[in-house]
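These notes are about the structure you will find just below.
The values are calculated or read from the model by the stated rules, or taken from the named source; none is laboratory data. From a predicted model like this one, the values you see are computed outputs, not experimental measurements. Every residue, glycine as well, gets a Cβ built from its backbone with ideal geometry; the counts of neighbours run over all protein chains shown. Protein only, heavy atoms only, side chains kept; ligands, DNA and RNA dropped before computing areas. Shrake-Rupley method; radii C 1.70, N 1.55, O 1.52, S 1.80 Å.
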Amino acid sequence: MAAAAAEVSNRSVILKRHVTGFPTKDDMELVTATAHLAVPPGSAAVMVKNLYLSCDPYMRSRMTNHKEPSYVPDYVPGEIIPTFGVSKVVESGHPDYKADDLVWGMTACEEYTLITTPDSLFKINHPELPLSYYLGVLGMPGLTAYAGFFDVSKPKKGDYVFISAASGAVGQLVGQLAKITGCYVVGSAGSDEKVNLLKTKFGFDDAFNYKTEQDLNAALKRCFPEGIDIYFDNVGGAILDAALLNMRLHGRVAMCGLISQYNLVLHEGVRNLACVVTKRVRIEGFIVTEYFGTYRKFEEEMVSHLKEGNITYVEDVAEGIEKVPAVLIGIFYGRNIGKQLVAVARD
């Protein structure tokens, strides 16, 4: 009887093949198997029930079969897609975790996951806040915004800050952190609804819809007549090129993501690199995992901002693991409003 009770149905999403161009639903498949809710004897692994799963732009890069290794391994066709998640511990062989602990970290697109490297998990210290926040404002995107803005961009009060994909999981936070710091903040987004959100909910000083602007250079000159001190780049491509033309002397570009390029077979080049020389611009890329050692400091600071009402956060939550393929694809068409995630279970 005990053995039967330890087996449950486990739905998961696998990658069927490596992707070229925009991903489609045919590239992924929902499958059902059986999960044994037990940890192998002598193992330090933990078995978790996934409550929320994250859908992030970087996942598209992992769907590619890279000729040269990327900063994270490519997904393996036929295997379950890894992603960040918020989970509840079902059984643990690790001394730091026990049943019913709430954690966030790398898991997989399935209902139950055996995590063999639980040292990569973070315990959730503030369950009084929405658990989904640990995939956004209190999770990887939040730390990305915090580290990319404060450590990479090195802002000063009065700086002119431009953020692309500004209503997304990271951009909305960079903008609010910049306002708290005393900067002038402008964001770009892909719809009038998102532009309105930036100005009315997140407190941006100005914003524009890049899809309806005929000339991105002119749009930036309109918003920044004195130029840009910090460009927080989430998209690359034409917006990066236009931003370089408008940088001030000794401006900083934090390279966070290149969502405009992820689905292209041939990536677009950058034409205005001469501005980096003439304006002495510093361009720096960064990877959030290098900042995981600072997570607890970040968490407490961000929790204080949330509880004091200094920062607000918008999520786009789909219900059910079967929604993973559609909402992941939707990110690359701008269908989500805010941080995209999937609710798999509520307890």
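Give the range 61-73 a look and list any residue that's in a helix (DSSP H, G or I) and among the charged types (D, E, K, R), or say none.
Passing the criteria: only Arg62.
So which residues in the range 279-291 are surrounded by 16 or more Cβ atoms within 10 Å (Cβ to Cβ) and farther than 18 Å from Asn234 by Cβ, if there are any at all?
Within the range 279-291, just Lys279 meets the criteria.
Say we look at the range 141-180 and pick out the residues that are of a type outside the set (Gly, Ala, Ser) and part of a loop (DSSP other than H, G, I, E, B); which of these is nearest to Val303 (Cα to Cα)?
Only one residue fits best here, namely Val170.
In the range 107-121, which residues are in contact (Cβ under 8 Å) with a residue 60 or more places away in the chain, under 17 Å from the mean Cα position of the chain (by Cα) and outside any loop (DSSP other than H, G, I, E, B)?
Ala108
Run down Glu315, Glu308, Glu322 and say which single residue is farther than 30 Å from Ala178 by Cβ and either surrounded by fewer than 14 Cβ atoms within 10 Å (Cβ to Cβ) or modelled with pLDDT of 95 or more (or both).
The match here is Glu322.
Can you confirm whether the range 89-100 contains a residue that is modelled with pLDDT of 95 or more, under 23 Å from Val324 (Cα atoms) and either within 21 Å of the chain's Cα centre (by Cα) or in a loop (DSSP other than H, G, I, E, B) (or both)?
Checked against the condition, which is being modelled with pLDDT of 95 or more, under 23 Å from Val324 (Cα atoms) and either within 21 Å of the chain's Cα centre (by Cα) or in a loop (DSSP other than H, G, I, E, B) (or both), the range 89-100 yields no hits at all.
To keep it simple, each residue is scored yes or no on (1) open to solvent by 70 Å² or more (accessible area, probe 1.4 Å); (2) modelled with pLDDT of 95 or more; (3) assigned by the TED database to the domain that holds Ile329.
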position	(1), (2), (3)
Asp192	yes, yes, no
Leu198	no, yes, no
Tyr210	yes, yes, no
Asn246	no, yes, no
Val270	no, no, no
Val277	yes, yes, no
